[in-house]
Protein chains: 4
Amino acid sequence: MQATLEAIIAQNRALTAQGRVATYIPELAMSDADAIGICLIDGEGKTYLAGDTDIRFTLQSVSKVFALMLALEDQGFDGVFDRIGMEPTGDAFNSIVKLETFSSLRPLNPMINAGAIATTALIKGNSVAERFERLYSYIKAIAGNERIRFNERVYKSEKATGDRNRAIGYFLRDVGAIDGDVEEVLDLYFRQCSIETDVVGLATLARRLALGPDAEPQLSPEVLRIARTFMYTCGMYNATGEFAVKVGIPAKSGVSGAIMATAPRQQMGIGVIAPALDEKGNSIAGVQVLADLSRRLHLSIF
Amino acid sequence: MQATLEAIIAQNRALTAQGRVATYIPELAMSDADAIGICLIDGEGKTYLAGDTDIRFTLQSVSKVFALMLALEDQGFDGVFDRIGMEPTGDAFNSIVKLETFSSLRPLNPMINAGAIATTALIKGNSVAERFERLYSYIKAIAGNERIRFNERVYKSEKATGDRNRAIGYFLRDVGAIDGDVEEVLDLYFRQCSIETDVVGLATLARRLALGPDAEPQLSPEVLRIARTFMYTCGMYNATGEFAVKVGIPAKSGVSGAIMATAPRQQMGIGVIAPALDEKGNSIAGVQVLADLSRRLHLSIF
Amino acid sequence: MQATLEAIIAQNRALTAQGRVATYIPELAMSDADAIGICLIDGEGKTYLAGDTDIRFTLQSVSKVFALMLALEDQGFDGVFDRIGMEPTGDAFNSIVKLETFSSLRPLNPMINAGAIATTALIKGNSVAERFERLYSYIKAIAGNERIRFNERVYKSEKATGDRNRAIGYFLRDVGAIDGDVEEVLDLYFRQCSIETDVVGLATLARRLALGPDAEPQLSPEVLRIARTFMYTCGMYNATGEFAVKVGIPAKSGVSGAIMATAPRQQMGIGVIAPALDEKGNSIAGVQVLADLSRRLHLSIF
Amino acid sequence: MQATLEAIIAQNRALTAQGRVATYIPELAMSDADAIGICLIDGEGKTYLAGDTDIRFTLQSVSKVFALMLALEDQGFDGVFDRIGMEPTGDAFNSIVKLETFSSLRPLNPMINAGAIATTALIKGNSVAERFERLYSYIKAIAGNERIRFNERVYKSEKATGDRNRAIGYFLRDVGAIDGDVEEVLDLYFRQCSIETDVVGLATLARRLALGPDAEPQLSPEVLRIARTFMYTCGMYNATGEFAVKVGIPAKSGVSGAIMATAPRQQMGIGVIAPALDEKGNSIAGVQVLADLSRRLHLSIF
């Protein structure tokens, strides 16, 4: 396994040169465009590392999975899905079009920005600080305290430049998809995006999602099933369909270049980081690493 | 003329029952849904009044015409139209779709909300207060000081509830169509919408637009021509084309139920108020009053 | 006047190099990309010619104006506008999007392809041949028999390659905007596009539209007014708003590079041909010729 | 198992009253709106029947799965996916919007009509008859000859009324997504939609998709994997995401009210028929039957 991982990283390192790091958040623009690293935790819990594994990075959209899980714990199935749809979309992750042209006025799904902001708005708490603390603790409980930090600089950078998300936030309130203070909801959303980890933390999160409900920490089977399903149907922005065909396992990407991939059949968790992105916002080398790995290890769920 | 106006008002008063006052700005929801009034100033400057002419109302989108005129004075033709398009659109006044799906990333024209907010952003001044004072004075210089006031309650109501406009504002900055502080630009925009007048003030504004550049106050012929053109091609939201066919003169409506119509060939200015709106946001009775008047007086430019 | 026209043609001839002839209809791709010619008939009926005035070209979308006029004669105002809208659109001339996303399911206006095909479908007659003969005679009666021909090769070329129009035609029948045989309606539409003239014929058509209802041939004042209005609000594809600002008179362009422009105040008709098009489908040099001419002769209606 | 199926059918029969049979194909409008039937073939190959199992119905969109499989056999992975995308879409099955607004000009995926027509166009053969015969034989080889027929009346009805599909077909050729004769491609598409079976045939097809590549008839592992993947990500029109959450297995619906569902983990195939549809075009009772069955038998892949 170690040799396989090293070979795949070596093969795909050159791909990073074809991508570009995200620039719309100034702090992300400072990421190392050439870096590539992976952590895989197998069915027995054994951890393998290859490539640049000492990098730390923010979760960005990877956090949407855990915000959804906590919102489901807080509000129940109907409490979430009365307000947020379940449908994949061929539109870009930051698209606002469907909000206007669709009669339902619900964001399409919890993995695009519009739906993720509406999801985050459903996390309970008396203040932004309390709501964030609950989500932060939830993630730390799964990944292990020592792997999870908060990146204040990225948070401030997101908050200072998040005009598109602000547009989405106010639009959501205008159509009744969120209540309350928009800036507070966005503050919470920017915070969750700024939670920081490394590939080991990412693989630990991924592996927990690959295990059954009774592993530690215990998770509702329903919440676990829904999380995996949305990762599979909506996890890779508007390249999700292609990822399902070429890789075939639930995964969620973030514009930091992180991908969290989970293989339930093999009880395997994988964390990849490679900050150079393709035009759809996914790690260009990270996607290929997972495609190669899936082929070699027969990971595809189908 | 007096008899004609009274007859037309009488004929169309019942139409007000088929419309509804705007409700998305709470203060506007308190307008008198049954009211209908008109002021016409003819080629010789003679003023005629009919119906409920003592009502005061805010300019709302009618203000977009004067913001465009002042922005043109401040920035010149290219300074405005490098950032804002000139094309009519079949979309609703508060639509955001075209901003995303059009490659140009410029709002389509200065009469829809997106373009109007970008236009307002171009008015010069060192502060919101100074910029507003300049626009306010500009409008007072045309309409006469005594006819123009500022409605603080409507302003606060707009500011408190303007989520869709906030969404548009942040979207505009995200795509680079406006610079600077979005809340300041919106504040200025909400203020201009809250300028208050009556039908005499509205007809005075309209008549000035019907006269040549040398009337008082003097206006650039270019600015005058552009204002009339956009009123004709984009002035009545997504019912502009129908208005051009059925009425045939430059006009601008606002969701307060105001319509400012200008007949350059006859050097005539018309102000109508009837707060009950049709589904596209135009005064339902006001449009019909102007259609009847145009037919009787042969106002159409074609 | 003669010197003015020659100077303007000379000034703008170089612009033709920046455009490209339409290629989607093979026959049009054979047009002379460098050619530019104009005919102007003034208020007294005097004819001026400059540039390449011996070229013959097909009407293409210019024919939409006359199809609308005949449909209005045949079906009356409501007969046409119950099925076709009156609103300008910022979308491209061959766009199908609004047909699907707008609840009304009516094509937006009679000057875009969708609306024009629905308009043509309203021309009366017992067969395609008879319906075409009626439209052909209508146009000949206005332009003079000797100026109008039918270009069989262009017609066959359009018919062989008109997939986008076929898509629009079947979509229109699917949503109930047209009845009857789609291929017959398209055949009639391809025929009307293939009517051929020269700049004198085009200027003669334009001048008739500039005159009152009692000129020969007599035209309904209503029909005349509606034709001018749609030329002004929808005549230049999705550059109509810019044309209104920069030129300011009713005009209709075709992808052959023809523009028919009419100045009602001056009772003047203008025909321009310059086959090299800009990206929106308008003659790139033709638009600039008309802008220069409008500025020199103060043609703008506002 | 038999008791479970009967209970679920009994529970959901009343739901049929809340749906409506498809009416846009006249022959389908004659379906029995109250009918509901199921066939399940379990991991050992044992067949269970409940409800109205003697109904015959056409495959409609269920056929898209097999057309994709044969196109992959004929053209290989790149031969298909160079022309057709892999992305789910939130748009309706007969939507044309994305074809115009997406820069790629490829239909989004092989399960919406646009992509399915482009897929069918890739099936090899010297004539429509030969191409259809190949697809028909391919389906018969999987389902068993005696279960598959061809419904001439439905075929003629589709062909006579398929205006939306014709619009899509001509649009596809206009943008270069298909070559050759549009009417021939549509003829082939209408024929594949008109292949008829019963729930036993449908369940037999479904079960073969649940088995490995070496079952009879042998299928390429790649083709099998891709078929299951698209059923999961795009199989239930714009309710696919909700179906993934609530049912969680690959499935494909048709507007005849058929649903073919396949449970690879359990090696189980399910065919359901209930012609009354919900507003998205899926069998209203059929979806609920599968949701109940999935919950009882723990079918979900996640």
Subject >> Charge dipole of the stretch D:1-60 about the Cα centre (unit charges at C-beta), most positive-ward option of D:ALA3, D:THR16, D:PHE57 >> reply: D:THR16
Subject >> Set C:LYS252/C:LYS280; B:LYS46/B:LYS252; A:LYS46/A:LYS246; B:LYS246/C:LYS280; A:LYS159/B:LYS124 screened for pairs whose C-alpha atoms are more than 24 Å apart >> reply: A:LYS46/A:LYS246; B:LYS246/C:LYS280; A:LYS159/B:LYS124
**OP:** Restrict the search to the stretch C:1-79; then list the trypsin sites (Lys or Arg not before Pro) that DSSP places in a loop and that have at most 12 other Cβ atoms within 10 Å of their Cβ.
**Re:** C:LYS46
Subject >> Which of B:GLU87, B:GLU196, A:GLU44, D:GLU133 has the fewest Cβ neighbours within 10 Å, and the rest in rising order >> reply: A:GLU44, D:GLU133, B:GLU196, B:GLU87
**OP:** Output the relative contact order of chain B, whole-number percent, from Cα pairs under 8 angstrom with separation of 6+ residues.
**Re:** 27
Original post:
Straight-line reach from A:LYS140: which lysines have a Cα under 16 Å away, not including same-chain ones fewer than 8 places off?
Top reply: A:LYS64
Original post:
What length, rounded to one decimal in nm, is gained on full extension from A:SER137 through to A:GLN11, with 0.36 nm per residue of separation minus their alpha-carbon distance?
Top reply: 41.6 nm
Original post:
With charges only on Cβ, +1 for K and R and -1 for D and E, what is the dipole size of the stretch A:61-195 about its Cα centre, in debye, rounded to 20?
Top reply: 440
Original post:
Using θ = phi - 60° and the Karplus form 6.51 cos²θ - 1.76 cosθ + 1.60, what ³J(HN,Hα) does each residue of the stretch C:13-28 get, whole Hz, x for Gly and Pro?
Top reply: 4, 4, 4, 4, 5, 8, x, 9, 5, 4, 10, 6, 10, x, 4, 5
Original post:
What residues qualify as long-range amide H neighbours of A:VAL247, i.e. H under 5 Å apart, gap of 5 or more or another chain, H built at 1.01 Å from N?
Top reply: none
Original post:
the stretch B:37-57 to the stretch A:253-270: how many Å between their Cα centroids?
Top reply: 70
Subject >> Dipole magnitude of the protein assembly as shown about its Cα centre (Cβ charges: Lys, Arg +1; Asp, Glu -1), debye to nearest 20 >> reply: 0
Subject >> D from A by rotation - nearest chain A beta carbon to the axis, in Å >> reply: A:PRO88, 2
**OP:** Quick one: which residues, 5+ away or cross-chain, put their amide H under 5 Å from the amide H of C:MET268? H built at 1.01 Å from N.
**Re:** C:ALA263
Subject >> FRET efficiency, 1/(1 + (r/R0)^6) with R0 41 Å, evaluated for C:ARG20 and A:ARG153 via beta carbons >> reply: 0.25
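Only Lys, Arg, Asp and Glu count, each charged at its Cβ (+1, +1, -1, -1), so figure out the dipole size of chain B about its Cα centre, rounded to 20 debye.
Computed about the Cα centre, the dipole is about 420 debye.
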Original post:
Average projected area of the Cα convex hull of the stretch C:63-195, in nm²?
Top reply: 7.7
**OP:** Take the Cα atoms of chain A, build their convex hull, and give its volume per residue in Å³.
**Re:** 112
Original post:
Using alpha carbon centroids, what distance separates the stretch C:185-226 and the stretch D:150-192, in Å?
Top reply: 38
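So what's the back-of-envelope 222 nm ellipticity for the protein assembly as shown, counting only DSSP H runs of four-plus at -39500 (n - 2.57) apiece and dividing by all residues, rounded to 500?
-14500 deg cm²/dmol
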Original post:
Hey, could you pull the Cα Rg and Dmax for the protein assembly as shown, both in Å?
Top reply: 32.4, 96
Subject >> Footprinting exposure proxy for D:LYS252, D:LYS156 (fewest neighbouring C-beta atoms within 10 Å first) >> reply: D:LYS156, D:LYS252
**OP:** Obtain the nm distance between the two label points defined at A:GLU146 and D:GLU216 by a simple spin-label model: each point lies 7 Å from its Cα along the Cα-to-C-beta direction.
**Re:** 5.9
**OP:** May I ask for the Kirkwood hydrodynamic radius of the stretch A:223-302, worked out over all distinct Cα pairs and given in angstroms to one decimal?
**Re:** 12.2
Subject >> Top positive-direction residue, dipole computed over chain A with Cβ charges, set A:ILE284, A:LEU186, A:ALA258 >> reply: A:ILE284
Original post:
At q = 0.18 Å⁻¹, what base-10 log of I(q)/I(0) does the Debye formula yield for the stretch C:169-270 when every alpha carbon is treated as an equal point scatterer in vacuo?
Top reply: -0.98
**OP:** Provide an ascending nm list, one decimal, of label-point separations from D:GLY180 to the equivalent residue in each further copy; define each label point as 7 Å from Cα along Cα→Cβ.
**Re:** 3.4, 5.7, 6.1
**OP:** Normalising by the residue count of the stretch B:61-195, find the relative contact order in percent from Cα pairs under 8 Å and 6+ residues apart.
**Re:** 30
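Bear in mind these aren't lab numbers, they're just calculated from the coordinates by the rules spelled out. Fair warning: this is a prediction, and the values are worked out from it, not measured in the lab. Cβ sites come from the backbone with ideal geometry, for glycine too, and all protein chains shown count toward neighbours.
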